[in-house]
1. Mind giving me the FRET efficiency for Asp105 and Lys72? R0 is 51 Å, r the Cβ-Cβ distance, nearest 0.05 is fine.
2. Using a 1.4 angstrom probe with every protein chain in place, what is the largest-first accessible-area order of Thr338, Thr202?
3. Can you work out the PRE-style zone for Val301? Point 7 Å along Cα to Cβ, and I want the residues of segment 255-282 with backbone N under 15 Å.
4. Can you give me the P(r) profile for segment 241-351? Cα pairs, bins 10 angstrom wide beginning at 0, each as a whole percent.
5. What does the charge count around Asp201 come to, taking other residues whose C-beta lies under 10 Å from its C-beta (Lys +1, Arg +1, Asp -1, Glu -1)?
6. Using a 1.4 angstrom probe and counting only protein chains, how large is the accessible area of Thr319 in Å², to 10?
7. Determine one quarter of the surface area of the Cα convex hull of segment 110-202, which equals its mean projected area, and express it in nm² to one decimal.
8. Report the extension gain between Ser226 and Tyr19 in nm, rounded to one decimal, defined as 0.36 nm multiplied by the number of residues separating them, less their alpha carbon distance.
Amino acid sequence: MSETLLDLEELEDDSPQLYEHYRFVVDKGQVPVRVDKYMCEKLQHSSRNRIQKAADAGFVHVGDRPVKSNYKVRPGDVVTLMLDRPRFETSIVAEDIPLDIVYEDSQLMVINKPAGMVVHPGCGNFTGTLVNAIAWHLRDMKAYDPNDPEVGLVHRIDKDTTGLLVAAKTPEAKSNLGLQFFNKTTHRSYVALVWGNLTEDTGRIEGNIGRDPKDRLRMTVTPPDSEIGKPAVTHYRVMERLGYVTLVECVLETGRTHQIRAHMRHIGHPLFGDERYGGTEILRGERSATYKAFVNNCFKVCPRQALHAQTLGFRHPVTGEQLDFNSPLPADLDALITKWRTYMKGNEHKL
(Lines give C-alpha, C1' and ligand atoms only; values in the text may rest on other atoms or scores of the structure.)
Protein backbone atom coordinates (compact mmCIF):
# COMPACT_ATOMS: atom_id res chain seq x y z
CA MET A 1 0.00 0.00 0.00
CA SER A 2 1.38 3.39 -1.00
CA GLU A 3 2.37 5.64 1.89
CA THR A 4 0.11 8.57 0.97
CA LEU A 5 -3.29 9.75 2.14
CA LEU A 6 -4.92 8.22 -0.92
CA ASP A 7 -6.12 5.22 1.09
CA LEU A 8 -7.80 7.04 3.96
CA GLU A 9 -11.26 5.97 2.82
CA GLU A 10 -10.30 2.43 3.81
CA LEU A 11 -9.52 3.34 7.41
CA GLU A 12 -11.89 2.63 10.27
CA ASP A 13 -12.68 5.26 12.89
CA ASP A 14 -12.47 2.83 15.81
CA SER A 15 -8.99 1.45 15.15
CA PRO A 16 -7.69 0.04 18.44
CA GLN A 17 -4.07 1.08 17.79
CA LEU A 18 -2.56 3.96 15.86
CA TYR A 19 0.94 4.26 14.42
CA GLU A 20 2.84 7.47 13.85
CA HIS A 21 3.62 8.04 10.17
CA TYR A 22 4.66 11.69 10.03
CA ARG A 23 5.74 14.18 12.68
CA PHE A 24 6.23 17.92 12.23
CA VAL A 25 7.34 20.46 14.82
CA VAL A 26 5.88 23.87 13.99
CA ASP A 27 8.57 26.53 13.54
CA LYS A 28 8.90 29.45 15.93
CA GLY A 29 8.09 31.94 13.19
CA GLN A 30 5.00 30.14 11.89
CA VAL A 31 1.89 32.32 11.69
CA PRO A 32 -1.38 30.66 12.83
CA VAL A 33 -2.75 28.49 10.03
CA ARG A 34 -5.31 25.70 9.82
CA VAL A 35 -3.77 22.31 10.47
CA ASP A 36 -5.20 20.86 7.23
CA LYS A 37 -3.49 23.61 5.20
CA TYR A 38 -0.27 23.19 7.18
CA MET A 39 -0.17 19.43 6.57
CA CYS A 40 -1.12 19.86 2.92
CA GLU A 41 2.01 21.95 2.45
CA LYS A 42 4.09 19.32 4.22
CA LEU A 43 2.52 16.34 2.47
CA GLN A 44 2.44 17.90 -0.99
CA HIS A 45 1.35 14.71 -2.73
CA SER A 46 -1.82 14.42 -0.63
CA SER A 47 -4.95 16.49 -1.15
CA ARG A 48 -6.38 18.83 1.45
CA ASN A 49 -9.70 17.00 1.24
CA ARG A 50 -8.15 13.71 2.29
CA ILE A 51 -6.22 15.37 5.08
CA GLN A 52 -9.54 16.78 6.32
CA LYS A 53 -10.99 13.27 6.23
CA ALA A 54 -8.02 12.05 8.26
CA ALA A 55 -8.67 14.77 10.85
CA ASP A 56 -12.38 13.93 10.96
CA ALA A 57 -11.44 10.30 11.61
CA GLY A 58 -9.16 11.31 14.50
CA PHE A 59 -5.88 10.61 12.74
CA VAL A 60 -4.40 14.11 12.91
CA HIS A 61 -2.94 14.84 16.35
CA VAL A 62 -1.40 17.85 18.03
CA GLY A 63 0.56 16.66 21.01
CA ASP A 64 -1.22 13.49 22.14
CA ARG A 65 -4.75 14.58 21.21
CA PRO A 66 -6.66 14.41 17.92
CA VAL A 67 -7.71 17.74 16.43
CA LYS A 68 -10.19 18.80 13.76
CA SER A 69 -9.10 20.27 10.46
CA ASN A 70 -9.92 23.84 11.52
CA TYR A 71 -7.45 23.75 14.43
CA LYS A 72 -4.83 26.46 13.95
CA VAL A 73 -1.26 25.37 14.55
CA ARG A 74 0.97 27.49 16.77
CA PRO A 75 4.77 27.72 17.13
CA GLY A 76 6.10 24.69 18.96
CA ASP A 77 3.10 22.45 18.23
CA VAL A 78 3.98 18.83 17.45
CA VAL A 79 1.70 17.72 14.63
CA THR A 80 1.51 14.03 13.78
CA LEU A 81 -0.37 11.86 11.33
CA MET A 82 -1.44 8.66 13.08
CA LEU A 83 -2.75 5.75 10.99
CA ASP A 84 -4.09 2.31 11.87
CA ARG A 85 -1.24 0.42 10.23
CA PRO A 86 2.54 0.42 10.69
CA ARG A 87 4.53 2.90 8.64
CA PHE A 88 5.13 1.85 5.06
CA GLU A 89 8.49 0.21 4.58
CA THR A 90 10.52 2.53 2.38
CA SER A 91 13.10 -0.01 1.25
CA ILE A 92 14.15 0.62 -2.32
CA VAL A 93 12.84 -1.91 -4.81
CA ALA A 94 14.44 -2.37 -8.23
CA GLU A 95 12.18 -1.18 -11.05
CA ASP A 96 12.68 -1.63 -14.78
CA ILE A 97 12.85 2.05 -15.74
CA PRO A 98 14.96 3.20 -18.71
CA LEU A 99 18.12 5.16 -17.90
CA ASP A 100 20.12 7.52 -20.10
CA ILE A 101 23.61 6.46 -19.02
CA VAL A 102 26.34 8.82 -20.19
CA TYR A 103 29.26 6.90 -18.66
CA GLU A 104 29.73 3.75 -16.59
CA ASP A 105 32.55 1.67 -15.17
CA SER A 106 33.06 -0.63 -12.17
CA GLN A 107 33.09 2.29 -9.71
CA LEU A 108 30.46 4.76 -10.87
CA MET A 109 27.88 5.80 -13.43
CA VAL A 110 26.90 9.21 -14.81
CA ILE A 111 23.23 9.56 -15.69
CA ASN A 112 21.30 12.16 -17.68
CA LYS A 113 18.03 12.63 -15.76
CA PRO A 114 14.84 13.60 -17.59
CA ALA A 115 12.30 16.13 -16.36
CA GLY A 116 9.59 14.80 -14.06
CA MET A 117 11.68 12.08 -12.41
CA VAL A 118 12.23 12.26 -8.66
CA VAL A 119 15.76 11.20 -7.79
CA HIS A 120 15.10 9.48 -4.44
CA PRO A 121 12.06 7.91 -2.72
CA GLY A 122 10.35 10.25 -0.29
CA CYS A 123 6.99 11.51 0.84
CA GLY A 124 4.49 10.46 -1.81
CA ASN A 125 7.18 9.16 -4.17
CA PHE A 126 8.08 5.59 -3.26
CA THR A 127 8.30 4.20 -6.78
CA GLY A 128 9.40 5.39 -10.18
CA THR A 129 12.45 7.27 -8.89
CA LEU A 130 15.95 7.41 -10.28
CA VAL A 131 17.20 5.33 -7.34
CA ASN A 132 14.68 2.59 -8.19
CA ALA A 133 15.92 2.63 -11.78
CA ILE A 134 19.57 2.41 -10.70
CA ALA A 135 18.72 -0.54 -8.45
CA TRP A 136 17.31 -2.39 -11.46
CA HIS A 137 20.27 -1.55 -13.66
CA LEU A 138 22.69 -2.89 -11.02
CA ARG A 139 20.50 -5.81 -9.91
CA ASP A 140 23.14 -8.35 -10.95
CA MET A 141 25.91 -6.59 -9.02
CA LYS A 142 25.86 -8.57 -5.77
CA ALA A 143 27.96 -6.03 -3.88
CA TYR A 144 25.54 -3.20 -4.65
CA ASP A 145 22.76 -2.77 -2.08
CA PRO A 146 20.38 0.06 -3.07
CA ASN A 147 19.31 0.40 0.57
CA ASP A 148 22.88 1.02 1.74
CA PRO A 149 23.45 4.79 2.14
CA GLU A 150 27.16 4.25 1.55
CA VAL A 151 26.51 3.69 -2.17
CA GLY A 152 24.27 5.34 -4.75
CA LEU A 153 23.66 8.95 -5.72
CA VAL A 154 26.35 11.39 -4.60
CA HIS A 155 24.23 14.52 -5.18
CA ARG A 156 20.71 15.43 -6.32
CA ILE A 157 18.78 17.73 -8.62
CA ASP A 158 15.12 18.70 -8.46
CA LYS A 159 12.33 16.63 -9.99
CA ASP A 160 11.75 19.05 -12.88
CA THR A 161 15.40 19.92 -13.46
CA THR A 162 17.11 17.90 -16.17
CA GLY A 163 20.72 16.88 -16.51
CA LEU A 164 23.75 15.10 -15.12
CA LEU A 165 24.12 13.15 -11.87
CA VAL A 166 26.81 10.76 -10.64
CA ALA A 167 26.12 7.58 -8.66
CA ALA A 168 28.75 5.49 -6.87
CA LYS A 169 28.74 1.70 -7.00
CA THR A 170 31.08 1.19 -4.03
CA PRO A 171 31.42 2.81 -0.59
CA GLU A 172 34.98 3.85 -1.44
CA ALA A 173 33.86 5.61 -4.61
CA LYS A 174 31.02 7.42 -2.85
CA SER A 175 33.28 8.54 -0.03
CA ASN A 176 35.85 9.87 -2.49
CA LEU A 177 33.31 11.64 -4.69
CA GLY A 178 31.49 13.04 -1.68
CA LEU A 179 34.75 14.54 -0.45
CA GLN A 180 35.31 16.17 -3.85
CA PHE A 181 31.87 17.80 -3.67
CA PHE A 182 32.52 18.90 -0.09
CA ASN A 183 35.89 20.41 -1.01
CA LYS A 184 34.35 22.13 -4.05
CA THR A 185 36.81 20.57 -6.48
CA THR A 186 34.05 19.29 -8.76
CA HIS A 187 32.71 21.41 -11.61
CA ARG A 188 29.00 21.80 -12.23
CA SER A 189 27.36 24.24 -14.60
CA TYR A 190 23.70 24.75 -15.37
CA VAL A 191 21.88 26.44 -18.23
CA ALA A 192 18.89 28.52 -17.20
CA LEU A 193 16.44 30.83 -18.91
CA VAL A 194 15.51 33.64 -16.54
CA TRP A 195 13.06 36.51 -16.64
CA GLY A 196 14.49 39.94 -17.46
CA ASN A 197 17.62 41.41 -18.98
CA LEU A 198 20.50 41.16 -16.51
CA THR A 199 22.49 44.37 -16.11
CA GLU A 200 25.92 42.72 -16.00
CA ASP A 201 27.36 40.04 -18.27
CA THR A 202 28.72 38.17 -15.26
CA GLY A 203 27.91 38.17 -11.59
CA ARG A 204 28.24 36.49 -8.22
CA ILE A 205 25.28 35.84 -5.93
CA GLU A 206 26.04 35.21 -2.28
CA GLY A 207 23.39 34.64 0.34
CA ASN A 208 22.44 32.00 2.86
CA ILE A 209 19.68 29.62 1.81
CA GLY A 210 17.12 28.19 4.21
CA ARG A 211 13.47 27.19 4.37
CA ASP A 212 10.99 29.99 3.82
CA PRO A 213 8.96 30.19 7.08
CA LYS A 214 5.90 31.28 5.06
CA ASP A 215 6.18 28.46 2.53
CA ARG A 216 8.02 25.33 3.63
CA LEU A 217 8.24 24.03 0.07
CA ARG A 218 10.31 27.04 -0.98
CA MET A 219 13.76 28.27 0.00
CA THR A 220 14.56 31.85 0.90
CA VAL A 221 17.77 33.88 0.81
CA THR A 222 19.17 35.75 3.82
CA PRO A 223 22.37 37.83 4.23
CA PRO A 224 25.64 35.85 4.54
CA ASP A 225 26.15 37.08 8.10
CA SER A 226 22.59 36.37 9.24
CA GLU A 227 23.35 32.90 10.67
CA ILE A 228 20.05 31.79 9.14
CA GLY A 229 20.27 29.02 6.54
CA LYS A 230 23.43 27.69 4.92
CA PRO A 231 26.05 29.71 3.01
CA ALA A 232 25.58 29.57 -0.76
CA VAL A 233 27.36 31.10 -3.75
CA THR A 234 26.27 31.04 -7.38
CA HIS A 235 28.22 32.52 -10.30
CA TYR A 236 26.40 33.42 -13.50
CA ARG A 237 27.38 34.40 -17.04
CA VAL A 238 25.06 35.76 -19.70
CA MET A 239 25.05 33.43 -22.71
CA GLU A 240 22.39 35.13 -24.81
CA ARG A 241 20.07 38.10 -24.36
CA LEU A 242 16.60 37.41 -25.71
CA GLY A 243 14.71 40.58 -24.97
CA TYR A 244 12.48 39.98 -21.99
CA VAL A 245 14.39 36.84 -20.94
CA THR A 246 18.06 35.94 -20.69
CA LEU A 247 19.88 32.66 -21.20
CA VAL A 248 22.53 32.26 -18.51
CA GLU A 249 25.13 29.76 -17.39
CA CYS A 250 25.21 29.20 -13.63
CA VAL A 251 28.20 27.66 -11.88
CA LEU A 252 27.72 26.41 -8.33
CA GLU A 253 30.30 27.09 -5.68
CA THR A 254 28.02 25.36 -3.15
CA GLY A 255 25.15 22.92 -3.63
CA ARG A 256 22.10 23.92 -1.61
CA THR A 257 18.47 22.90 -2.13
CA HIS A 258 16.92 25.04 -4.90
CA GLN A 259 20.09 27.16 -4.92
CA ILE A 260 19.89 28.56 -8.45
CA ARG A 261 16.12 28.93 -8.29
CA ALA A 262 16.24 30.84 -4.99
CA HIS A 263 19.30 32.93 -5.86
CA MET A 264 17.96 34.07 -9.24
CA ARG A 265 14.64 35.02 -7.70
CA HIS A 266 16.52 36.89 -4.99
CA ILE A 267 18.17 39.19 -7.55
CA GLY A 268 14.88 39.76 -9.36
CA HIS A 269 15.29 37.26 -12.20
CA PRO A 270 13.24 34.11 -11.45
CA LEU A 271 13.67 31.11 -13.71
CA PHE A 272 11.19 31.07 -16.57
CA GLY A 273 8.38 28.63 -15.80
CA ASP A 274 9.38 28.15 -12.16
CA GLU A 275 5.99 28.04 -10.44
CA ARG A 276 7.41 27.73 -6.94
CA TYR A 277 9.45 30.93 -7.29
CA GLY A 278 7.08 33.12 -9.29
CA GLY A 279 8.37 32.30 -12.76
CA THR A 280 4.99 31.37 -14.21
CA GLU A 281 3.82 34.99 -14.07
CA ILE A 282 4.47 37.28 -17.04
CA LEU A 283 7.13 39.34 -15.33
CA ARG A 284 8.52 41.31 -18.29
CA GLY A 285 7.24 42.51 -21.62
CA GLU A 286 4.16 43.97 -23.26
CA ARG A 287 0.56 44.07 -22.16
CA SER A 288 -0.81 43.05 -25.53
CA ALA A 289 -2.98 39.98 -25.93
CA THR A 290 -0.61 38.70 -28.63
CA TYR A 291 2.38 38.80 -26.29
CA LYS A 292 0.46 37.17 -23.44
CA ALA A 293 -0.61 34.37 -25.78
CA PHE A 294 3.01 33.92 -26.89
CA VAL A 295 4.30 33.64 -23.32
CA ASN A 296 1.52 31.24 -22.30
CA ASN A 297 2.42 29.12 -25.30
CA CYS A 298 6.05 29.15 -24.10
CA PHE A 299 4.88 27.84 -20.72
CA LYS A 300 3.19 24.94 -22.53
CA VAL A 301 6.28 24.16 -24.60
CA CYS A 302 8.41 23.83 -21.45
CA PRO A 303 6.00 23.27 -18.51
CA ARG A 304 8.67 23.36 -15.79
CA GLN A 305 11.48 25.55 -14.53
CA ALA A 306 13.88 26.21 -17.40
CA LEU A 307 16.94 24.67 -15.75
CA HIS A 308 19.35 22.04 -17.04
CA ALA A 309 22.44 20.55 -15.33
CA GLN A 310 24.59 20.66 -18.43
CA THR A 311 28.14 19.87 -17.32
CA LEU A 312 29.68 17.76 -14.59
CA GLY A 313 33.36 17.28 -13.89
CA PHE A 314 35.30 15.38 -11.21
CA ARG A 315 38.31 13.15 -10.70
CA HIS A 316 37.82 9.41 -10.97
CA PRO A 317 37.79 8.01 -7.41
CA VAL A 318 40.28 5.23 -8.25
CA THR A 319 42.43 6.36 -11.20
CA GLY A 320 42.45 10.07 -10.41
CA GLU A 321 41.73 10.84 -14.06
CA GLN A 322 39.75 14.03 -14.71
CA LEU A 323 36.32 13.17 -16.13
CA ASP A 324 34.19 15.84 -17.78
CA PHE A 325 30.70 15.33 -19.16
CA ASN A 326 28.32 17.48 -21.17
CA SER A 327 24.60 16.97 -21.65
CA PRO A 328 22.82 18.56 -24.65
CA LEU A 329 19.78 20.72 -23.96
CA PRO A 330 16.60 18.64 -23.59
CA ALA A 331 14.01 19.03 -26.33
CA ASP A 332 11.57 21.14 -24.30
CA LEU A 333 14.17 23.68 -23.18
CA ASP A 334 15.71 23.83 -26.66
CA ALA A 335 12.28 24.49 -28.18
CA LEU A 336 11.59 27.21 -25.59
CA ILE A 337 14.84 29.03 -26.37
CA THR A 338 14.14 28.76 -30.11
CA LYS A 339 10.72 30.35 -29.62
CA TRP A 340 12.23 33.33 -27.80
CA ARG A 341 14.91 33.74 -30.50
CA THR A 342 12.23 33.78 -33.17
CA TYR A 343 10.14 36.26 -31.19
CA MET A 344 13.12 38.55 -30.67
CA LYS A 345 13.98 38.62 -34.39
CA GLY A 346 10.43 39.63 -35.25
CA ASN A 347 10.15 42.26 -32.52
CA GLU A 348 13.60 43.83 -32.26
CA HIS A 349 12.10 47.27 -32.81
CA LYS A 350 10.09 46.89 -29.58
CA LEU A 351 12.91 45.71 -27.35
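1. On the way: r = 55 Å, r/R0 = 1.08.
The value I calculate is 0.40.
2. Numbers: Thr338 65, Thr202 90 Å².
Descending accessible area places them as Thr202, Thr338.
3. Answer for this model: 272-273.
4. Bins of 10 Å from zero give 12, 40, 30, 13, 5, 1 percent of pairs.
5. Result for the local shell: +1.
6. Counting only protein heavy atoms, Thr319 exposes about 90 Å² to solvent.
7. Answer in nm², one decimal: 7.9.
8. 70.6 nm
The values are calculated or read from the model by the stated rules, or taken from the named source; none is laboratory data. As the structure is a prediction and not an experimental result, all values here were calculated from the model. Heads up, the Cβs are rebuilt from the backbone with ideal geometry, glycines too, and the neighbour counts pull from every protein chain shown. The area values use the complete protein model at the heavy-atom level, side chains included, leaving out ligands, DNA and RNA. Shrake-Rupley method; radii C 1.70, N 1.55, O 1.52, S 1.80 Å.
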